[in-house]
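Shown next, in structure tokens, is the structure this report addresses.
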Amino acid sequence: MKKFMFIYRADMKTAAEMGANMTPEDMEKMNQAWMAWGGKVGAALLDFGNPTMPTEFAVDQTVGGYSILEAESAEAAHALTEGHPHIAMGGSIDIYEIMPTPGM
């Protein structure tokens, strides 16, 4: 099996505005959607990940989080984004294969 990093991207201004306007019920629905996706992908989800925050202005301001997953191939990893709540919220997901360290 190969490991893949999902990088969650979104327009941070839009995301901040969306978050500011969410009710507690909206937040709960969003959390439930993420948990449902995690349950759907099951054991492929190695690390649910966390939100991220840029530490300086010069870095890509659209990166907002990550997850680590396992799949047989890049195509199988891409299939794991089906029904993903981040995409449903208008974001996008970049997928990177995590390569083994040479010589290790």
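Throughout, read-outs are computed from the coordinates displayed, never taken from laboratory work. Please read all numbers here as calculations on a predicted model, not as lab measurements. Cβ atoms come from the backbone with ideal geometry, glycine included; neighbour counts cover every protein chain shown.
Identify the chymotrypsin sites (Phe, Trp or Tyr not before Pro) of the chain meeting these criteria: DSSP loop state and at most 12 other C-beta atoms within 10 Å of the C-beta.
Counting only loop positions with at most 12 other Cβ atoms within 10 Å, the chymotrypsin sites (Phe, Trp or Tyr not before Pro) in the chain are 57.
Relative contact order for segment 40-99 using alpha-carbon pairs under 8 Å, separation at least 6, rounded to a whole percent?
28
For n ≥ 4 DSSP H runs only, could you compute -39500 (n - 2.57) per run for the chain, divide by its residues and tell me the 222 nm figure to the nearest 500?
Calculated at 222 nm, the ellipticity per residue is -10000 deg cm²/dmol.
Suppose every Lys and Arg Cβ carries +1 and every Asp and Glu Cβ carries -1, with no other charges. What dipole size does segment 46-104 come out with about its Cα centre, to the nearest 20 debye?
160
In a shell of Cβ-Cβ distance under 10 Å around residue 73, excluding residue 73 itself, what net charge do Lys and Arg (+1) and Asp and Glu (-1) give?
So the surrounding residues net to -2.
Using only the Cα atoms of segment 4-59, build the gyration tensor, take square roots of its eigenvalues as a ≥ b ≥ c, and label the shape rounded, prolate or oblate: rounded if a/c is under 1.5, else prolate if a/b is larger than b/c, else oblate.
Note, shape of segment 4-59 comes out oblate.
Identify which of the listed values of P(r) over Cα pairs in 5 Å bins from 0, in percent was calculated from the structure shown: (i) 2, 11, 14, 16, 15, 15, 11, 7, 4, 2, 1, 1, 0; (ii) 2, 12, 19, 17, 13, 9, 7, 6, 5, 4, 3, 1, 0; (iii) 2, 11, 20, 24, 18, 13, 7, 3, 1, 0, 0.
Identified label for the calculated read-out: (iii).
Neighbour counts of other C-beta atoms within 10 Å: give me 41, 59 arranged from fewest to most.
Ordered from fewest to most neighbouring Cβ atoms within 10 Å, 41, 59 come out as 59, 41.
Assign unit charges at the C-beta atoms only (+1 for Lys and Arg, -1 for Asp and Glu), then state the dipole size of the chain relative to its Cα centre in Debye, rounded to the nearest 20.
Dipole about the Cα centre, nearest 20: 100 debye.
For the charge dipole of the chain, defined by +1 on Lys and Arg C-beta atoms and -1 on Asp and Glu C-beta atoms about the Cα centroid, which residue among 39, 12, 95 has the Cα displaced farthest towards the positive pole?
So the residue furthest toward the plus end is 39.
Using the alpha-carbon atoms, what tilt in degrees (0 to 90, nearest 10) does helix 24-41 show relative to the longest principal axis of the chain?
The angle comes out at about 10 degrees.
For segment 1-103, how many pairs of lysine residues have a Cα-Cα distance under 28 Å, where the two are 8 or more positions apart or belong to different chains?
Taking segment 1-103 as the scope, the lysine pair count is 4.
Name the longest site-free stretch of the chain, where the excluded sites are GluC sites (Glu not before Pro) in a DSSP loop with no more than 14 other beta-carbon atoms within 10 Å.
Longest gap between qualifying sites, sites excluded: 1-55.
Relative contact order, percent, of the chain when contacts are C-alpha pairs under 8 Å separated by at least 6 residues?
So the answer I get is 49 percent.
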